[in-house]
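Encoded as structure tokens, the structure appears first; notes follow it.
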Amino acid sequence: MANRLIPGRKVVADAPDLLTLQDAAALIGKTPSNISYLVQYKRLARYNARGEPVSRAPTGGLRVSRSELLGYVESWNRRVRSRMEALQIGDMSLAFHEVPERERTKHVHRLHPYLGKFIPQLVGYFLTRYFEQGQTVLDPFCGSGTTLVEASERGIDSVGIDVSAFNVMISRVKLAEYDSQAVEEEVFDISRRTAEFSAREFPDGKGARIKREPNGSDYLETWFAPRSLREILFFRDHIPEYEHQDLLRVLLSRTARSCRLVHHYDLATPKVPVRAPYVCYKHMGKTCEPVTTIVPRLRFYSTDTVRRIKEFQTARRPARSLVIEGDSRTVKLEDHLSSSGRVDGVFTSPPYVGQIDYHEQHRYAYELFGIERKDALEIGPKTRGKGESAKADYARSMAQSLRNVRDQFSPRAAVLLVANDRLGLYPGIFEEAGMRIEKKFERPVEDRTERDKRPYSETVFVARLR
Ligand SMILES: C[S@@+](CC[C@H](N)C(=O)[O-])C[C@H]1O[C@@H](n2cnc3c(N)ncnc32)[C@H](O)[C@@H]1O
């Protein structure tokens, strides 16, 4: 059927071309908020249900044009392809740029935000080629557990190590086996109780001022509105009454993260708390309000968490997984493996020099649950910068980590390591760890933001024991 909506035309009587945000998201494998982002940024025009161009639409009444949407996607893909071709990398199949968002973030992969996570499809691609069902893959820098989750989908046993206790919690929560019904009951019960508590304590719907909570902290009182903080502390303090405690902590942490008093345009590195309505650069100069209650988001994330857990219970195959909290340079891996336990290879994306402070990115969770931080053991933290001594420490630490775990490798173990090694440190690191680089795959990395950054590539090193 011919498209009836032509951009610029005023009114279209019969408009089969129209889509709700949900339908538009389903059509191109994105989320409704991705579509609303495109609308906000004027990449797509707004229509009402009659196909009239509008500047605002009532809740649920906003429509976008199917043909405009498909045109936008096509031009975006063309742009990405040409930028990647400019990198002159032959193997475009490793870009995964046409994998829809819902696949990139399938089931438990989006249980909690995490800066520095890699694409599950990249992990899957290499696990399928270098590992078999029943073997064991090690990720000595497992972060939020992407390697382990993907291994489990393929019936491959996995071991992860991470120095950050909260990252370990996220990974363990993803990998635990659940009775989905029991999870659903608990998640909805504690969320309902929190909403009831909020309605009782704040009957006029306003956020009351609170005195300093004995369980609070300067950080929590600074970054959350008083009402949000009361709700968060209520939820947290009732977690011990349930069985799936860490799952509830991860749900609360995800909710709390998105309810911090931060500007929408400064979610990753907030500097000052926002306490009044503000003009938002991210939303085209719209006036945005700080979040004063967690209840609506808690409801949304509760449903989302239950759905993701259920999906993964059906996607996974029988496989063992183990997540160790420790420093990869010194952890005694043999103490955690069974006596015959061997590692058949590694798949990992380690930290890089001066890029991210991994504890700090989840500060709200450490404060909320009183989890011990071990920042000083992080390899290559951002706070140490990228100077000569930071680079030398990084290279020494990475070689030490690989040397430390290699004693548990089977003789033909493949060590696959993903890094954007712009400083050229890895040849020396592998050498120092007693390994030789067998092969390198160059992978174009797509710029997934609207900003015009230069495309870059990263390397997947394949190394073997000498
Ligand atoms: C790039 S991230 C890994 C992300 C992971 N591939 C994922 O998809 O979630 C690197 C991880 O290394 C961890 N790390 C840093 N220093 C470490 C150390 N000394 N021992 C173990 N893990 C460390 C950080 O906490 C971080 O989670």
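Values in this text are rule-based calculations from the coordinates and carry no lab data. Quick caveat: nothing in here was measured; it's all calculated off a predicted structure. Positions of Cβ are generated from backbone atoms using ideal geometry, with glycine treated the same way; all protein chains shown enter the neighbour counts.
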Helix 245-258 sits off the longest principal axis of the Cα atoms of the chain, rounded to the nearest 10 on a 0 to 90 degree scale, by 60 degrees
Neighbours of residue 421 by Cβ distance under 15 Å: Lys/Arg at +1, Asp/Glu at -1, summed charge +2
Note, residue 112: beta-carbon cut-off 9 Å, +1 each Lys/Arg, -1 each Asp/Glu, net +4
Per the rule of 0.36 nm per residue minus the C-alpha distance, extending residue 115 to residue 26 adds in nm 29.5 nm
Output for the range 366-466: GluC sites (Glu not before Pro) sitting in coil per DSSP, at most 15 other Cβ within 10 Å, listed by number, reads 372, 450
Quick note on 292, 348, 330, ordering by fewest other C-beta atoms within 10 Å, gives 330, 292, 348
For residue 286, the aspartates and glutamates lying under 17 Å Cα to Cα, once residues fewer than eight places off in the same chain are dropped, come out as 266
For the chain, the dipole about the Cα centre with charges only on Cβ (Lys and Arg +1, Asp and Glu -1), to the nearest 20 debye, works out at 1540 debye
Inter-part gap, Cα centre of the range 220-248 to Cα centre of the range 359-391, in whole angstrom, is 24 Å
Violations at 20 Å Cα threshold for listed pairs 42/271; 332/374; 271/382 -> 42/271
With the 8 Å Cα cutoff and a minimum separation of six or more residues, the range 180-311 has a relative contact order in percent of 30 percent
CD proxy, 222 nm, the chain: helix-only mean residue ellipticity via -39,500 (n - 2.57) per DSSP H run with n ≥ 4, per residue, nearest 500, stands at -12000 deg cm²/dmol
Among 160, 49, 274, the residue whose Cα sits farthest towards the positive end of the charge dipole of the chain, when +1 is placed on the Cβ of each Lys and Arg and -1 on the Cβ of each Asp and Glu, is 49
So the FRET efficiency between residue 276 and residue 204, C-beta based with R0 = 25 Å and rounded to 0.05, is 0.80
Given 33-40, 295-302, 157-164, the highest-first ranking by average Cβ count within 10 Å works out to 157-164, 295-302, 33-40
For the chain, averaging the sequence separation of alpha carbon pairs under 8 Å that lie six or more residues apart and dividing by its residue count, the contact order in percent is 16 percent
Extension length gain for residue 243 and residue 98 (0.36 nm per residue less Cα distance), in nm, is 48.2 nm
So the angle from the long Cα axis of helix 388-406 to the longest Cα principal axis of the chain, reported in degrees to the nearest 10, equals 70 degrees
The base-10 log of I(q)/I(0) that the Debye equation returns for the chain at q = 0.08, 0.11, 0.13 Å⁻¹, one scatterer per C-alpha, is -0.55, -1.03, -1.37
For residue 41 and residue 376, extending 7 Å from Cα along the Cα-Cβ vector and measuring point to point gives, in nm, a value of 4.3 nm
Placing each pseudo-label 7 Å from Cα in the direction of the beta carbon, residue 363 and residue 128 end up separated by a distance in nanometres of 4.2 nm
Computed over the chain: longest principal axis from alpha-carbon atoms vs helix 295-315 long axis, angle to nearest 10 degrees, is 50 degrees
For the range 348-466, averaging the sequence separation of alpha carbon pairs under 8 Å that lie six or more residues apart and dividing by its residue count, the contact order in percent is 25 percent
Placing each pseudo-label 7 Å from Cα in the direction of the beta carbon, residue 48 and residue 78 end up separated by a distance in nanometres of 3.4 nm
Projected onto the charge dipole of the range 9-80 (unit charges on the beta-carbon of Lys, Arg, Asp and Glu, signs +1, +1, -1, -1), the Cα from 28, 65, 77 with the largest positive-side position is that of 77
Here the net charge surrounding residue 136, from other residues whose Cβ is less than 9 Å away from its Cβ (Lys, Arg +1; Asp, Glu -1), is 0
